[in-house]
Every structure is written in C-alpha cells, then in structure tokens.
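Heads up, the thing below is written out as structure tokens.
The values are calculated or read from the model by the stated rules, or taken from the named source; none is laboratory data. The structure displayed is predicted, hence computed values, not measured ones. Note that each Cβ is placed from the backbone with ideal geometry, even for glycine, and that neighbours are counted across all protein chains shown. Heads up: the accessible areas ignore ligands, DNA and RNA and are worked out on the full protein's heavy atoms, side chains in. Shrake-Rupley method; radii C 1.70, N 1.55, O 1.52, S 1.80 Å.
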Amino acid sequence: GGGHEGIFRMRLRLIGGVAALCAGLIVGLSGPARAAERFTDAPLLGLTLGYFDVIGQEFPSLEGRLELRANNDWWLKPFGGVMANTERAAHIYAGVYAELFWGEHFYVSPSFAPGIYMKGNSRDLGYPLEFRSQIELGWRFDSGIRASVSLNHISNAGLGQNPGTESVAFSVLLPLSF
C-alpha cells in the first residue's frame with residue numbers, strides 16, 4: 001500500500017542522506033580527523049538508551065546497548081557491542097568507527113558493524129546477518145566522558161527479505177582505566 005511505499009521512500013532518503021554525510025566527512029575533513037588524535041583516551045564503555053523502529057513504527061520498543069570501543073590514534077577504530085530491546089530482540093555486532101572532531105569537544109562519529117540479529121517478538125529483519133550503519137553527534141568533556149545522540153539503520157543488504165529498521169538513541173561513553 002501507500003503507507004509502505006512512503007516508509008520506503010523515507011528510509012531511502014534517510015540512507016542516502018547518511019551515506020552522503022559520511023562520504024563528505026571522510027573526503028572533505030581530513031583536518032578534523034587528525035585533531036581526534038589529541039584525544040587518545042582509555043577504551044570507552046558505551047551505555048545507550050534508544051527507540052527501536054522509530055521510522056517504520058511496526059514494532060516500536062525501547063532499546064539498550066552496551067559497547068566497548070577501542071580508543072587509539074588509528075583513523076578507523078574497532079568496537080563491538082550488543083543491543084537488546086523490550087520486545088526481546090538482540091543484535092550482537094563488531095565493526096569499525098571513526099571520530100572527526102571540530103575543536104576541543106564536538107565530534108561526529110560514523111560507524112559500520114555486521115552482526116547477528118535475533119528477533120524475539122520484535123521486527124523480523126529477514127536474515128540472521130544484519131549490518132548496522134550509524135551516525136553519532138557527540139560532546140567530549142574535559143574528563144574524557146562523552147555524551148552523544150545517534151541515528152542508525154540495520155538491514156541485511158538484500159541477503160534475504162530486507163525490511164530494515166532505524167533507531168535513535170542517547171549514549172554516555174565512559175573511559176575505562178585499567
């Protein structure tokens with residue numbers, strides 16, 4: 001119906017916009033990427049609360065995420081995590097992220113992570129292997145603690161039925177000192 005076509009178009013515009021933003025950041029902002037090297041902290045523990053299926057609204061639920069992020073002077077940094085929502089879905093993933101700083105505190109962080117998705121009573125994403133792409137806007141405090149908002153898209157890239165889903169979230173990232 002028209003409702004599904006409208007949601008598809010909205011997702012297509014969203015994905016295109018996120019892809020264009022990521023490409024622009026990667027191609028045009030090598031200066032801010034080097035600035036991130038000043039902020040090599042301890043690894044980061046991310047605690048996230050979000051809203052799952054924010055665009056499709058067929059299986060809306062709260063989601064929580066726990067992530068561990070390497071924080072070194074590499075341009076692409078490894079990370080991994082787990083997402084679970086109140087409809088008992090879970091996504092276990094590992095991938096890479098980048099940090100592009102403007103000034104001392106504000107940063108943009110695109111990321112990409114393949115993972116295994118288990119639907120529980122939530123949205124069926126069509127295949128166990130799912131890919132999460134995300135754009136995050138954040139603030140790094142002098143203490144190294146970070147606060148951010150993010151938008152992500154999870155889909156299987158056409159490996160099976162591919163409805164995809166999006167989430168918006170708020171995260172706190174804590175430096176871990178060993």
| query | Which of the residues spanning region 137-167 are assigned to a loop (DSSP other than H, G, I, E, B) and touching a residue at least 40 places away in the same chain (Cβ under 8 Å)? | reply | Gly144, Pro163, Gly164
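Given the options Ala84, Ala89, Ala94, name the one that is in contact with a Ser or Thr (Cβ under 7 Å, 6 or more places away or on another chain), at pLDDT 95 or above and small (Gly, Ala, Ser).
Numbers: Ala84 fails: in contact with a Ser or Thr (Cβ under 7 Å, 6 or more places away or on another chain); Ala94 fails: in contact with a Ser or Thr (Cβ under 7 Å, 6 or more places away or on another chain).
None of the other options fit; the residue is Ala89.
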| Do you know which of the residues in region 71-81 that are closer than 17 Å to Gln134 by Cα and hydrophobic (A, V, I, L, M, F, W, C) is modelled with the highest pLDDT? | Phe79
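Does Leu159 satisfy being modelled with pLDDT under 95 and open to solvent by 40 Å² or more (accessible area, probe 1.4 Å)? I'd like the intermediate steps shown before the answer.
Details: modelled with pLDDT under 95: yes; open to solvent by 40 Å² or more (accessible area, probe 1.4 Å): yes.
Yes; evaluated as a whole, the condition is true for this residue.
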